[in-house]
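Read the structure below first, then the notes.
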């Protein structure tokens with residue numbers, strides 16, 4: 001690709017020298033510096049344009065009636081324009097590079113790398129952006145080793161753009177503090193609710209529709225053999241136990257964040273067994289709402305049943321690959337997922 005301006009120059013020069021003058025392939029020489037503007041820095045673009053100009057002058061000694069002055073003027077004009085375009089492109093690329101550095105730093109703050117293991121709990125994470133160049137979005141997750149046990153958070157802000165990122169950041173930062181301080185999951189969610197409400201009150205009124213989120217919080221007590229889950233309107237987790245798949249639907253609905261004024265403060269904690277060897281998949285709705293070409297949703301439960309022996313990292317790697325394949329290589333929504341396994345200390349790791 002980078003050599004294509006040179007190839008254009010060589011091909012046009014060869015055709016101009018080997019074909020009848022009536023065809024006048026030499027008039028295509030300005031295309032070479034024009035193409036170089038999209039690929040090369042300023043100086044190589046100018047040098048290529050100068051070379052094309054010299055080629056045109058050399059051809060004029062062989063064919064005196066090629067209209068050399070007009071083609072030479074065109075080469076000179078295109079070269080100057082190409083040099084300026086190359087300069088602007090390099091400036092914009094530098095700006096985009098700086099923006100991506102900032103976005104990468106923001107993502108590391110919002111979605112910082114999780115520990116692969118907290119005591120007897122293995123944790124692996126996955127984040128996929130719907131847009132190829134995107135770095136951050138409204139999906140989020142977090143894990144914390146607290147005095148109350150390992151606490152997990154996963155959520156999805158309803159909305160797009162920077163407002164959704166702001167809500168996700170506010171929720172995640174609040175969880176990082178309250179997960180250590182609050183004695184139970186209801187208290188944690190109450191703190192998150194207050195945080196999102198305050199954030200929503202500080203933004204323009206026409207942006208309020210973006211400021212609510214579904215979240216799921218889980219707690220695995222240290223040394224305990226159960227897990228507590230508070231699901232605020234979020235997709236239910238998928239459990240893998242002894243090769244069997246269980247989808248844990250909430251017993252009672254809990255209010256999503258920032259909707260308590262409309263729906264009331266209703267928070268219900270479900271508790272289920274979580275034994276050594278058990279595995280749990282937490283995810284955002286981008287997973288189950290991924291569609292194939294026929295418009296069918298991704299069958300997560302059936303898919304998990306086929307991969308019930310995979311380790312957390314293997315499970316997420318396969319989910320990544322299969323989601324892209326199922327969607328035809330393009331995702332319509334951001335995706336976040338956590339795979340959590342209670343290690344069986346009596347069985348060696350694979």
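Below is a table of values for the structure above.
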quantity	calculated
Likely footprinting exposure, 334, 322, fewest C-beta neighbours within 10 Å first	322, 334
The chain, relative contact order in percent, only Cα pairs under 8 angstrom and at least six apart counted	16
Semi-axis lengths, Å, the stretch 1-122, gyration tensor of Cα atoms, sqrt of 5 times eigenvalues	49, 16, 8
Top of 61, 97, 274 by mean-square fluctuation, Gaussian network on the chain, Cα under 10 Å	61
Tilt relative to the chain, helix 4-18 - C-alpha long axis, 0 to 90 degrees, to 10	30
Kirkwood hydrodynamic radius over Cα pairs of the chain, then Stokes diffusion coefficient at 4 °C and 1.567 mPa s, in µm²/s	54
Among 228-240, 304-316, the order from most to least packed when residues are scored by Cβ within 10 Å on average	228-240, 304-316
Computed [θ] at 222 nm, helices only, for the chain once each DSSP H run of length n ≥ 4 contributes -39500 (n - 2.57)	-14500 deg cm²/dmol
Two-decimal Rg to Rh for the stretch 257-350 - Kirkwood Rh, Cα set	1.06
When the convex hull of its Cα atoms is projected in every direction, mean area for the stretch 1-44 (nm²)	3.0
Helix 68-110 axis, angle to the chain major axis (alpha carbon atoms, nearest 10°)	10
Choice from 81, 168, 336 with maximal GNM fluctuation in the chain (Cα, 10 Å cutoff)	81
Rg [Å, one decimal], Dmax [Å, integer] - the stretch 177-280, C-alpha atoms	15.6, 50
Between 0 and 90°, nearest 10: helix 312-326 axis offset from the chain longest Cα axis	50
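The numbers here are math on the coordinates, done by the rules we state, and not lab data. Bear in mind the structure is a predicted one, so any value in this text is a computation, not a measurement. Note that each Cβ is placed from the backbone with ideal geometry, even for glycine, and that neighbours are counted across all protein chains shown.
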